[in-house]
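Below is one structure; the comments refer to it alone.
The values are calculated or read from the model by the stated rules, or taken from the named source; none is laboratory data. Since this is a predicted model, take the numbers as computed values, not measurements. A quick note on method: Cβ atoms are made from the backbone with ideal geometry, for glycine too, and the neighbour counts reach across all protein chains shown. Side chains are part of the model used for accessible areas, which takes the heavy atoms of the whole protein and leaves out ligands, DNA and RNA. Shrake-Rupley method; radii C 1.70, N 1.55, O 1.52, S 1.80 Å.
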Amino acid sequence: MTSMFSGLYDLLQAVRGVNSTPLTDQHVPGTNLTDKWIIISGSNNGVGFEAAKSFASWGANLILACREPPAWEQHPTAAVNECKDLAAAHGHSSTIEWWPIDMADLSSVDAFCQRWLQCDRALHILCNNAGIAESTVQTRITKDGFQLVHQVCFPILLFLLTLLVHTSRY
(Lines give C-alpha, C1' and ligand atoms only; values in the text may rest on other atoms or scores of the structure.)
Protein backbone atom coordinates (compact mmCIF):
# COMPACT_ATOMS: atom_id res chain seq x y z
CA MET A 1 0.00 0.00 0.00
CA THR A 2 2.84 2.39 0.88
CA SER A 3 4.55 1.84 -2.48
CA MET A 4 1.30 2.67 -4.28
CA PHE A 5 1.04 6.00 -2.46
CA SER A 6 4.72 6.65 -3.04
CA GLY A 7 4.26 6.03 -6.77
CA LEU A 8 1.21 8.30 -6.90
CA TYR A 9 3.08 11.00 -4.99
CA ASP A 10 6.01 10.80 -7.44
CA LEU A 11 3.59 11.02 -10.37
CA LEU A 12 1.84 14.04 -8.85
CA GLN A 13 5.19 15.76 -8.23
CA ALA A 14 6.29 15.07 -11.82
CA VAL A 15 3.05 16.53 -13.19
CA ARG A 16 3.51 19.60 -11.00
CA GLY A 17 7.09 19.92 -12.23
CA VAL A 18 8.63 19.64 -8.78
CA ASN A 19 9.85 16.05 -8.80
CA SER A 20 13.37 16.26 -7.47
CA THR A 21 14.10 12.58 -8.11
CA PRO A 22 17.02 12.40 -10.56
CA LEU A 23 16.52 10.23 -13.62
CA THR A 24 18.71 7.15 -13.82
CA ASP A 25 19.50 4.56 -16.48
CA GLN A 26 16.54 2.66 -15.09
CA HIS A 27 14.23 5.55 -16.10
CA VAL A 28 15.99 6.42 -19.36
CA PRO A 29 17.91 3.42 -20.65
CA GLY A 30 20.89 4.12 -22.88
CA THR A 31 21.16 3.15 -26.50
CA ASN A 32 23.96 2.62 -28.97
CA LEU A 33 24.61 5.86 -30.88
CA THR A 34 27.96 4.82 -32.36
CA ASP A 35 28.60 6.54 -35.72
CA LYS A 36 25.64 8.92 -35.21
CA TRP A 37 26.18 12.68 -35.45
CA ILE A 38 24.44 14.99 -33.01
CA ILE A 39 24.49 18.79 -32.81
CA ILE A 40 23.44 20.28 -29.46
CA SER A 41 23.07 24.03 -29.14
CA GLY A 42 23.67 25.53 -25.71
CA SER A 43 25.49 22.41 -24.56
CA ASN A 44 28.14 23.81 -22.24
CA ASN A 45 25.80 23.87 -19.22
CA GLY A 46 22.35 22.95 -17.99
CA VAL A 47 20.08 20.53 -19.83
CA GLY A 48 22.18 20.72 -23.00
CA PHE A 49 25.30 19.66 -21.13
CA GLU A 50 23.46 16.78 -19.45
CA ALA A 51 22.18 15.64 -22.87
CA ALA A 52 25.71 15.88 -24.29
CA LYS A 53 27.08 13.71 -21.49
CA SER A 54 24.39 11.07 -22.07
CA PHE A 55 24.94 11.06 -25.83
CA ALA A 56 28.71 10.83 -25.32
CA SER A 57 28.37 7.85 -22.99
CA TRP A 58 26.20 6.18 -25.65
CA GLY A 59 28.93 6.59 -28.30
CA ALA A 60 27.62 9.49 -30.39
CA ASN A 61 29.81 11.95 -32.29
CA LEU A 62 28.97 15.41 -30.95
CA ILE A 63 29.18 19.00 -32.04
CA LEU A 64 28.68 21.24 -29.01
CA ALA A 65 27.28 24.39 -30.59
CA CYS A 66 27.89 27.13 -28.02
CA ARG A 67 28.74 30.79 -27.82
CA GLU A 68 31.91 32.05 -26.21
CA PRO A 69 30.43 32.15 -22.70
CA PRO A 70 30.67 34.77 -19.99
CA ALA A 71 33.20 34.09 -17.24
CA TRP A 72 30.66 32.56 -14.83
CA GLU A 73 29.60 29.79 -17.26
CA GLN A 74 31.51 26.60 -17.99
CA HIS A 75 33.63 27.02 -21.10
CA PRO A 76 32.69 24.68 -23.98
CA THR A 77 36.20 23.20 -24.05
CA ALA A 78 35.65 21.91 -20.50
CA ALA A 79 32.35 20.39 -21.62
CA VAL A 80 34.09 18.76 -24.61
CA ASN A 81 36.78 17.29 -22.34
CA GLU A 82 34.23 15.87 -19.91
CA CYS A 83 32.20 14.36 -22.77
CA LYS A 84 35.34 12.83 -24.29
CA ASP A 85 36.22 11.31 -20.92
CA LEU A 86 32.72 9.84 -20.59
CA ALA A 87 32.82 8.40 -24.10
CA ALA A 88 36.23 6.81 -23.46
CA ALA A 89 35.09 5.43 -20.10
CA HIS A 90 32.27 3.65 -21.92
CA GLY A 91 34.64 2.26 -24.58
CA HIS A 92 33.81 4.71 -27.38
CA SER A 93 36.20 6.68 -29.57
CA SER A 94 33.72 9.42 -30.45
CA THR A 95 34.53 12.68 -32.17
CA ILE A 96 33.45 15.48 -29.85
CA GLU A 97 34.08 19.11 -30.78
CA TRP A 98 33.06 22.63 -29.82
CA TRP A 99 31.97 24.80 -32.71
CA PRO A 100 31.33 28.45 -31.80
CA ILE A 101 27.90 29.82 -32.62
CA ASP A 102 26.17 32.98 -31.41
CA MET A 103 22.40 32.61 -31.63
CA ALA A 104 22.09 36.39 -31.28
CA ASP A 105 23.80 36.81 -34.66
CA LEU A 106 22.28 35.41 -37.88
CA SER A 107 25.64 35.55 -39.67
CA SER A 108 27.20 33.36 -36.95
CA VAL A 109 24.43 30.78 -37.33
CA ASP A 110 24.81 30.85 -41.10
CA ALA A 111 28.60 30.37 -40.82
CA PHE A 112 28.06 27.45 -38.42
CA CYS A 113 25.65 25.80 -40.87
CA GLN A 114 27.99 26.35 -43.82
CA ARG A 115 30.78 24.70 -41.83
CA TRP A 116 28.52 21.71 -41.15
CA LEU A 117 27.46 21.46 -44.78
CA GLN A 118 31.10 21.48 -45.92
CA CYS A 119 31.78 18.46 -43.69
CA ASP A 120 29.30 16.40 -45.75
CA ARG A 121 28.16 14.49 -42.67
CA ALA A 122 24.73 13.08 -41.99
CA LEU A 123 22.94 14.78 -39.11
CA HIS A 124 21.06 12.23 -37.03
CA ILE A 125 19.89 14.39 -34.13
CA LEU A 126 19.61 18.17 -33.73
CA CYS A 127 19.00 19.28 -30.13
CA ASN A 128 17.87 22.90 -30.30
CA ASN A 129 18.53 23.64 -26.66
CA ALA A 130 20.04 27.16 -26.69
CA GLY A 131 18.04 29.82 -24.96
CA ILE A 132 18.34 32.76 -22.64
CA ALA A 133 16.19 34.55 -20.14
CA GLU A 134 16.54 38.21 -19.48
CA SER A 135 14.80 39.97 -16.65
CA THR A 136 16.15 43.45 -17.14
CA VAL A 137 14.03 46.53 -17.59
CA GLN A 138 15.86 47.52 -20.77
CA THR A 139 15.08 45.45 -23.86
CA ARG A 140 18.16 44.59 -25.89
CA ILE A 141 17.98 44.47 -29.68
CA THR A 142 20.33 42.27 -31.70
CA LYS A 143 22.28 43.58 -34.68
CA ASP A 144 19.72 41.71 -36.81
CA GLY A 145 16.95 43.92 -35.39
CA PHE A 146 15.20 41.38 -33.17
CA GLN A 147 14.61 41.52 -29.44
CA LEU A 148 17.45 39.44 -27.97
CA VAL A 149 15.45 36.86 -26.01
CA HIS A 150 13.01 36.39 -28.88
CA GLN A 151 15.76 35.87 -31.47
CA VAL A 152 17.75 33.40 -29.39
CA CYS A 153 14.76 31.40 -28.16
CA PHE A 154 12.62 31.14 -31.28
CA PRO A 155 13.35 32.28 -34.85
CA ILE A 156 17.05 31.44 -34.79
CA LEU A 157 16.29 27.83 -33.86
CA LEU A 158 13.98 27.56 -36.87
CA PHE A 159 16.67 29.15 -39.04
CA LEU A 160 19.20 26.58 -37.82
CA LEU A 161 16.76 23.74 -38.41
CA THR A 162 15.89 24.98 -41.90
CA LEU A 163 19.55 25.17 -42.93
CA LEU A 164 20.42 21.72 -41.57
CA VAL A 165 17.30 19.61 -42.11
CA HIS A 166 18.29 18.34 -45.54
CA THR A 167 21.43 16.71 -44.07
CA SER A 168 19.41 14.69 -41.59
CA ARG A 169 19.32 10.90 -41.59
CA TYR A 170 17.08 8.59 -39.62
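Annotations for the structure displayed:
- Using the average count of surrounding beta-carbon atoms within 10 Å as a protection proxy, the listed peptides 26-36, 57-67, 104-114 rank, highest first, as 57-67, 104-114, 26-36.
- Percent of Cα pairs exceeding the 14 Å cut-off, where the set is segment 69-135: 73 percent
- Near residue 96, the amide H atoms lying under 5 Å from its own belong to 62; only residues 5 or more places off or on other chains count, and H is placed 1.01 Å from N.
- DSSP finds beta bridges in segment 39-149, and of those with both partners inside it, around 10 percent are antiparallel.
- Mean accessible surface per residue for segment 13-130, computed with a 1.4 Å probe while every protein chain stays in place, in Å²: 52 Å²
- Partner aspartates and glutamates whose Cα lies under 12 Å from the Cα of residue 84, excluding those fewer than 8 positions away in the same chain, are identified as 97.
- Restricted to Cα atoms, segment 44-107 shows a radius of gyration and a Dmax of 11.8, 38 angstrom.
- Residue-level accessible surface for residue 158, protein heavy atoms, 1.4 Å, Å²: 80 Å²
- Apolar share of the accessible surface for segment 35-170: 55 percent from carbon plus sulfur atoms, 1.4 Å probe.
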